[in-house]
Amino acid sequence: MKAVMFEAFNERPKLVRVPDPSPEPHGVVLKVEATGVCRSDWHGWVGHDADIELPHVPGHELAGVIQAIGKDVTKWKVGDRVTVPFVGGCGDCPECHAGHQQVCHHQFQPGFTHWGSFAEYVSIHKADLNLVALPESVSFATAASLGCRFVTSFRAVVDQGKVAAGQWVAVHGCGGVGLAAIMIADALGANVVAVDIADDKLALARSLGAAITINARSVANVSEAVIEASKGGVHVSLDALGHPETCFNSILGLRRRGKHVQVGLMLADHSTPIVPMSRIVAHELEILGSHGMQAHRYDVMMPMILAGKLRPERLVRQKIGLEESIDVLMAMDKFQGAGVTVITRF
């Protein structure tokens, strides 16, 4: 099969041919129909993820058709249209037994712990636990964003932030994760304040439901601007970028007893950011992480998509070929363009 592979961190990946994967007894092999290019893939390429062993095939946001099935799989058949969360559970650890596969002790992450979906085929483990059926009305390109950015935002807003109608929500960073969070919070009836440094991304944020937008380069103090816009601070704030500055601003923009949800990855030099602990204690703020979403929670999100209340297809702004993904991957740290880029040609 064709695949994008890198043999050393920070060196240009290559389009190569490698053997087709075979399914594990508990797994399946998917023919990849679409896969997103995400900043998490960039983190892996530059060496920020200790799970990656070289040589490596990236890609973790995917949708496709089951091509082959392991002997122990009972819930799926060849030809089924599916997607998969980027964090898969083992099914045996205490967290999996409690339904928290997103923090599984022995988690499977295509594109990180194993070869991923920048390829014609990808092997998925523990299929009966981790696969999600994809309705015919949801395109593969749309579904590719569901594996990471959209579902991570859904869990951050709904399960971790517990956003309710009428609340104020701030989203710091209007990339794929942030734009998804804006759409989801708006669908729940929240008032969303979107923060970014690019006017085109802020314009897209407004079109997806942001009530107020703030260009961080145009204000003297971001957190004070958020507090003023939300008339006293937001109830829930998300750092959707993953940077010490956006994390700090997100916390300072909260009203008393508010919740900060860290969604953007904080890796390498950014892994131990400074936080305003005196404010956290004095205002009884909550600091929460959000790491993917379990396959079984798609049953809550998917009806909202089918009803048109959530429209993840509006996030897809560019469709590219497999070879083009190399340049796009290498440039992910430059935050060029608005919306989500998806590989649809293999």
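The values are calculated or read from the model by the stated rules, or taken from the named source; none is laboratory data. The model shown is predicted, which means the values in this text are computed figures rather than measured ones. For neighbour counting, all protein chains shown are included, and Cβ atoms are generated from backbone atoms with ideal geometry for every residue, glycine included. Accessible surface is based on the protein model in full, side chains and every heavy atom, while ligands, DNA and RNA are left aside. Shrake-Rupley method; radii C 1.70, N 1.55, O 1.52, S 1.80 Å.
Within region 1-19, can one find any residue that is under 16 Å from F86 (Cα atoms) and at pLDDT 95 or above? Quick ask: steps written out before the conclusion?
In the first step, residues of region 1-19 are kept if they are under 16 Å from F86 (Cα atoms); the result is none.
Scanning region 1-19 turns up no residue that is under 16 Å from F86 (Cα atoms) and at pLDDT 95 or above.
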Checked against (1) of a type in the set (G, A, S); (2) under 30 Å from L131 (Cβ atoms); (3) modelled with pLDDT of 95 or more, A282 satisfies every condition except (2)
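How many residues are in contact (Cβ under 8 Å) with a residue 24 or more places away in the chain and either part of a strand (DSSP E or B) or open to solvent by 30 Å² or more (accessible area, probe 1.4 Å) (or both) when one looks only at region 232-247?
Filtering region 232-247 for residues in contact (Cβ under 8 Å) with a residue 24 or more places away in the chain gives 233-244, 246-247.
Still in the list and also either part of a strand (DSSP E or B) or open to solvent by 30 Å² or more (accessible area, probe 1.4 Å) (or both): 234-239, 241, 243-244.
Selection size over region 232-247: 9.
The rows are residues; the columns are (1) open to solvent by 50 Å² or more (accessible area, probe 1.4 Å); (2) of a type outside the set (S, T, N, Q); (3) not in a helix (DSSP H, G or I).
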{"position": "N249", "(1), (2), (3)": "no, no, no"}
{"position": "G258", "(1), (2), (3)": "no, yes, yes"}
{"position": "S278", "(1), (2), (3)": "yes, no, no"}
{"position": "Y298", "(1), (2), (3)": "no, yes, no"}
{"position": "I305", "(1), (2), (3)": "no, yes, no"}
{"position": "Q318", "(1), (2), (3)": "yes, no, yes"}
{"position": "D333", "(1), (2), (3)": "yes, yes, no"}
{"position": "T341", "(1), (2), (3)": "no, no, yes"}
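I'd like to know if region 62-72 contains one or more residues that are free of Cβ contacts under 8 Å to residues at least 12 places away in the same chain and of a type outside the set (F, W, Y).
From region 62-72, those free of Cβ contacts under 8 Å to residues at least 12 places away in the same chain are none; that's our starting set.
No, that holds for no residue.
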Considering residues that are buried (at least 20 other Cβ atoms within 10 Å of the Cβ) and either farther than 18 Å from A190 by Cα or of a type in the set (F, W, Y) (or both), the number found within region 200-224 is 3
- Query: Do the conditions hold for V171, that is, is it more than 24 Å from A143 (Cβ to Cβ) and either assigned to a strand (DSSP E or B) or open to solvent by less than 10 Å² (accessible area, probe 1.4 Å) (or both)?
  - Reply: no
For V151, the lone unmet condition from (1) under 26 Å from E61 (Cα atoms); (2) crowded, with 22+ Cβ neighbours inside 10 Å; (3) at pLDDT 95 or above; (4) not acidic (D, E) is (3)
